[in-house]
Structures are given as structure tokens and as C-alpha cells.
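The values are calculated or read from the model by the stated rules, or taken from the named source; none is laboratory data. This is a predicted model, so every value here is computed, not measured. Here the Cβ positions follow ideal geometry from the backbone for every residue, glycine too, while neighbour counts run over all protein chains shown.
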Amino acid sequence: MKKFAFLFIALAVICTGGAFAQAKVGVSIYKFDDTFMSYVRGKIESEAKAAGTTISVQDGQGDQSKQNDIVDLFLTQGYNSLAINMVEPASASVVIAKAAKKKVPLVLFNREPGDLDLAKYPGVYYVGAKAQESGTMEGQIAVNYWKAKKPAGAVMHYVMLIGDPANTDAKYRTEFSIKAVEAAGIKVEKLAEDTAMWQRGDAQNKMQAWLAKFGDKIDFVFANNDDMALGAIEALKAAGYFTGSKYMPVVGVDATPPALDALKQGTLLGTVLNDAVNQGKATYDLAAQLGAQKPIKTVAPLANKDGKADPNGHYVWVPYQMVTK
């Protein structure tokens, strides 16, 4: 892939402090009230403050047209690097085209665009985690529980709370969690699945409806993120679960502080660490280094789409970890 003069891809010792003062980074989060993204945003802001980098962090408010306007404003105001957490990953080509026209480096993060979009401009990178891994780990948590608690041959009747259906993470977490269970030889039956758009309140409402419809037939609750898992837990508590011997296994993804509290309380079976700290640091490092025209070095090596380390790659993959205690 041909490089522009402002892109330095060789790995080198990272410059710190005032070295990034010349970078001017425009950041947009798809929406500020997303729990997980609030932790990513906090890390980006703290890294920028420590390094003396000029930074502006704007709320996309879940509106892609508004985020497009934010990008236009950043470019008009002379920001020399962008870090964008897309409202709609399918619209990434629009933002990429805007950055390419101005020859401004662009870091997309957490909400993965399509491969073809990234190929359109050599100045665009992606920071995130491989969603397939998180789904597989969710499934493995379920497998470990099921094999320890249920007789051989028992069928797992489950419900699935899905994030944004257009989001790659939601797609792969839904798919690969169940694939992992089936790969372990456990038979499954899906009772229901529906989107709660990553939201705790929406998930609580969905779970209440499912409990009313299916009652004790539900054996397991999968959620694409912790906020939705916690919403399901609230509905289960209202239905008398987690008192005495009445229990329902619930798994999520992110390992947010509220989810870790639920894990300690015994209401959440397990979660998968989606490393907000290192995603935030990698996003800041990459955007600041590109903006300051410094060599690239992040918390994880540059890699290709498949996750193989590649100094000419345009991906930074931050690994997941299972959390069950």
C-alpha cells in the first residue's frame, strides 16, 4: 500500500511528553452515554492531557449526519489527525473520503468498518478488538457452567440480547458465542433474540417480556455487552431470581466496573474484558503519532486484518480476556 509522506510506519521508540504537542487531534465518540465508550474516551483524554496534545472530543449523539458535520468542522479548523468512533460503521467511507481529500490521517476505533473501506485511503487505521474472540469467550464461559451444572445431553434453551444489528461486534458476538457452545457438544435451542441497542433499560424490558412468555423454560441469557446483561439481571431480580436457589446464568462483554460488581455479587456469571484502557491508549498513541509525524508504536503491534503482526499493517488489535471472578 503506497504511503503518504506524513505516515511513518516503522516501529521505533515512542516519543512522549512535549513531542506530541504539535499534534492537533479531533475525536468523535458515537455517543457519550455509552458506558464502555465513556471509559475509552476518558483514557484518550487523560493521555492527551499528559502529553500536552491539543485535542477536541465531540459527541456524535448517535447521529451519523451530526458526526459527519463534526468531522467537517475538525478539518476546517486545521486538525492534523482524526480519531473517529463511527456512529454507523457502514458509513465509514464518507468519513474516510473527507479525511483523504484533506490528506489528514484518520484512526477509526472500536466500531469496525468494512475491509474495502479501509483500502480506500492509505492514511486510515483501525483500533479495536476481534469480535469473534469475545463471542467465543462468552460461549466458553457458558460451556464451563453448563458442563459443571447440567447432566450430559441437556439442551440449553437460551435468549440473546443483541447490540446494534449493523455493528460488527454485535454480529460476531451473537454468532460465535453459540458456535462455541455447539462446538463443545451441547445442544441448544434459541427461544428468542432481539436488539436492545447496547442499552440497559431496553434490555430490561426485553427480558421482562421474555420471562412473561417463556418463564422457567429459559436456561441461559447471552448479552452482547455488559449493560444489556445488567438490564437482564434487573428483570430477573424483579422476577425473584438470585434469591435462595433460584438462579439464572447471564454473560456479557466489556468487564465494566458495574459488571464486575455484579460478578462479585453473584448475579453475573461472567464477562469478557474488552480493554477500554488499552483501546483508548492505542487510539490516542496512533492518532497523536500520525498527527505529529512520529514513528508508530502502540500497546499492540500494527497488524493485518487477520491479526498477524505486520509493520505495514493498518490494524491494532487489543486482545480480550475472560473474566469469571
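Restricting attention to segment 311-325 and to residues that are under 14 Å from LYS297 (Cβ atoms) and not β-branched (Val, Ile, Thr), the residue that is surrounded by the most Cβ atoms within 10 Å (Cβ to Cβ) turns out to be GLY313. Scanning segment 37-58 for residues that are crowded, with 16+ Cβ neighbours inside 10 Å and of a type in the set (A, V, I, L, M, F, W, C) turns up MET37, VAL40, ILE44, ALA48, ALA51, ILE55, VAL57. Scan segment 124-173 for residues that are more than 30 Å from ALA99 (Cα to Cα), small (Gly, Ala, Ser) and under 13 Å from the mean Cα position of the chain (by Cα) and the total you get is 2. For segment 166-196, filtered to residues that are surrounded by fewer than 20 Cβ atoms within 10 Å (Cβ to Cβ) and under 26 Å from SER91 (Cβ atoms), the residue that is modelled with the lowest pLDDT is ALA166. Taking the criterion of being aliphatic (A, V, I, L, M) and either over 30 Å from PHE222 (Cβ atoms) or out of contact with any helix residue (DSSP H, G or I) (no Cβ under 9 Å at 6 or more places or on another chain) (or both), the only residue of segment 261-272 that qualifies is LEU263. If you filter segment 282-304 down to residues that are closer than 16 Å to ASN110 by Cβ and in contact with a helix residue (DSSP H, G or I) (Cβ under 7 Å, 6 or more places away or on another chain), you find that the one that is surrounded by the most Cβ atoms within 10 Å (Cβ to Cβ) is THR283. Scanning segment 224-233 finds no residues that are of a type outside the set (Phe, Trp, Tyr) and surrounded by fewer than 16 Cβ atoms within 10 Å (Cβ to Cβ). No other residue among GLY60, GLY52 is free of Cβ contacts under 8 Å to residues at least 40 places away in the same chain and under 23 Å from the mean Cα position of the chain (by Cα) apart from GLY60.
When the residues of segment 130-164 are narrowed to those that are charged (D, E, K, R) and crowded, with 17+ Cβ neighbours inside 10 Å, which ends up farthest from TRP210 (Cα to Cα)? Checking each candidate, the answer is LYS130.
Annotation: VAL155 fulfils all but one of (1) of a type in the set (Val, Ile, Thr); (2) farther than 20 Å from ILE218 by Cα; (3) in the same structural domain as MET248 (by TED's automatic domain parsing); the unmet one is (2). Considering segment 155-248, the qualifying strands (runs of 3 or more DSSP E), each wholly inside and each with 2 or more residues that are under 19 Å from PHE36 (Cα atoms), run over 156-162, 220-223.
Residues in segment 62-75: is at least one touching a helix residue (DSSP H, G or I) at 6+ places or on another chain (Cβ under 7 Å), under 17 Å from LYS102 (Cβ atoms), surrounded by fewer than 15 Cβ atoms within 10 Å (Cβ to Cβ) and not β-branched (Val, Ile, Thr)? So far as segment 62-75 goes, yes, one or more of its residues are touching a helix residue (DSSP H, G or I) at 6+ places or on another chain (Cβ under 7 Å), under 17 Å from LYS102 (Cβ atoms), surrounded by fewer than 15 Cβ atoms within 10 Å (Cβ to Cβ) and not β-branched (Val, Ile, Thr).
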